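Everything below concerns the one structure shown next.
The values are calculated or read from the model by the stated rules, or taken from the named source; none is laboratory data. Keep in mind it's a predicted model, so treat the numbers as computed, not measured. Counting neighbours? That spans all protein chains shown, and the Cβs are built from the backbone with ideal geometry, glycine included.
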Amino acid sequence: MIIGKLWHTLMAQINKLANVFWTADPIAQMQYEYDLAVAQLKEGREGLEQYRALVERVGRQAAADRGHVRSLEAKVKAYLQAGDRESAARFALELQKARQGLAENEEQLKMHEQAYDNNLSKIRHASGKLAKVKEKIARYDAELKMSRAEAEMAKLATSFDFNVTTDFGQIEQVINDKISLNRAKARVAADMSTEGIVDVQREQAMEQALADQALKEFEVEMGLVTPATVGVEETAKQLGPKVTEEV
């Protein structure tokens with residue numbers, strides 16, 4: 001009684017372990033069963049090929065028997081026409097035996113042909129079912145992977161919480177602080193770069209005004225334009241010392 005209980009307990013644990021491996025990767029299990037079925041179908045096809053060879057041999061034997069029967073019939077007729085009844089009787093007896101052999105071979109040929117057709121239909125049917133099983137395995141594999149991905153995405157959707165109390169929230173805060181610091185450095189650098197810009201602009205304006213004035217004077221000097229046109233006052237040019245008038 002105790003041994004029986006121990007045996008049942010052991011078998012229960014083995015069955016439990018087998019179920020674990022069975023359900024761990026169902027797609028692999030289905031593929032394994034499919035491969036076994038394909039191997040069995042391959043063996044069945046090879047057996048069917050050998051059986052077909054037997055049918056062909058029986059068919060050739062029956063064809064040879066039919067030819068032998070026709071030959072004997074022709075000989076019997078020929079001897080009868082020649083009036084040789086003794087030879088005709090001898091060939092008639094041989095013809096009778098040949099016909100019996102032909103009938104047996106044709107019966108066997110019919111039986112073998114029927115058996116071959118039945119097995120061929122079974123193998124074709126099994127091949128069609130295996131093709132459907134293969135498609136189903138591929139579909140289940142894709143659906144299983146998709147469902148796993150969806151489950152992982154759902155899990156990530158719940159775990160990716162950017163609340164300040166979570167790790168992601170704290171990391172986000174650090175990133176935002178760094179972004180703010182970088183922007184502050186850029187703003188300070190921009191503000192400092194404007195120091196003295198007014199003086200530079202004034203100096204550039206003054207140089208431009210002096211250049212314009214020098215150009216106008218050159219145009220007047222060369223007679224290209226009149227002083228009134230360019231807005232330059234004509235200055236008296238004297239040679240020698242300045243003379244003052246006395247009253």
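Going residue by residue through segment 99-106, is there one that turns out to be at pLDDT 85 or above, in a helix (DSSP H, G or I) and outside the structural domain of Gln40 (by TED's automatic domain parsing)? No, every residue in segment 99-106 fails to be at pLDDT 85 or above, in a helix (DSSP H, G or I) and outside the structural domain of Gln40 (by TED's automatic domain parsing). Take the residues in segment 42-86 that are of a type in the set (Gly, Ala, Ser) and within 60 Å of the chain's Cα centre (by Cα); name whichever of them is modelled with the lowest pLDDT. Residue satisfying both the conditions and the ranking: Gly44. Somewhere in segment 91-101, is a residue farther than 17 Å from Ala53 by Cα, of a type in the set (Phe, Trp, Tyr) and in contact with a helix residue (DSSP H, G or I) (Cβ under 9 Å, 6 or more places away or on another chain)? Within segment 91-101 (the criterion being farther than 17 Å from Ala53 by Cα, of a type in the set (Phe, Trp, Tyr) and in contact with a helix residue (DSSP H, G or I) (Cβ under 9 Å, 6 or more places away or on another chain)), the answer is yes, since at least one residue qualifies. Of note, Ala89 satisfies the criterion of being part of a helix (DSSP H, G or I) and over 35 Å from the mean Cα position of the chain (by Cα). Kindly indicate the residue of segment 59-87 that is within 30 Å of Tyr116 (Cα to Cα) and basic (Lys, Arg) and also surrounded by the most Cβ atoms within 10 Å (Cβ to Cβ) among those meeting that condition. Filtering first and then ranking leaves Arg66. Among the residues of segment 222-239, the ones that are surrounded by 10 or more Cβ atoms within 10 Å (Cβ to Cβ) and either under 60 Å from the mean Cα position of the chain (by Cα) or at pLDDT 65 or above (or both) come to 6 in all.
Yes or no, residue by residue, for (1) in contact with a helix residue (DSSP H, G or I) (Cβ under 9 Å, 6 or more places away or on another chain); (2) hydrophobic (A, V, I, L, M, F, W, C); (3) within 30 Å of Gly47 (Cβ to Cβ); (4) assigned to a helix (DSSP H, G or I):
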{"position": "Gly67", "(1), (2), (3), (4)": "no, no, no, yes"}
{"position": "Lys77", "(1), (2), (3), (4)": "yes, no, no, yes"}
{"position": "Glu113", "(1), (2), (3), (4)": "yes, no, yes, yes"}
{"position": "Asp141", "(1), (2), (3), (4)": "yes, no, no, yes"}
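Going by the conditions given, is Arg90 closer than 28 Å to Asp117 by Cβ, assigned by TED's automatic domain parsing to the domain that holds Ala131 and modelled with pLDDT of 85 or more? Here the answer is no, as Arg90 does not meet what is asked.
There is no residue in segment 186-208 that is among the aliphatic types (A, V, I, L, M), at pLDDT below 80 and in contact with a Ser or Thr (Cβ under 8 Å, 6 or more places away or on another chain).
Just so you know, in segment 74-101 the residues that are in contact (Cβ under 8 Å) with a residue 12 or more places away in the chain and charged (D, E, K, R) include one that is farthest from Gly59 (Cα to Cα), and it is Lys75.
Is one or more of the residues making up segment 7-24 of a type in the set (D, E, K, R), at pLDDT 65 or above and either within 22 Å of Val133 (Cβ to Cβ) or loosely packed, with under 10 Cβ neighbours inside 10 Å (or both)? No, segment 7-24 contains no residue that is of a type in the set (D, E, K, R), at pLDDT 65 or above and either within 22 Å of Val133 (Cβ to Cβ) or loosely packed, with under 10 Cβ neighbours inside 10 Å (or both).
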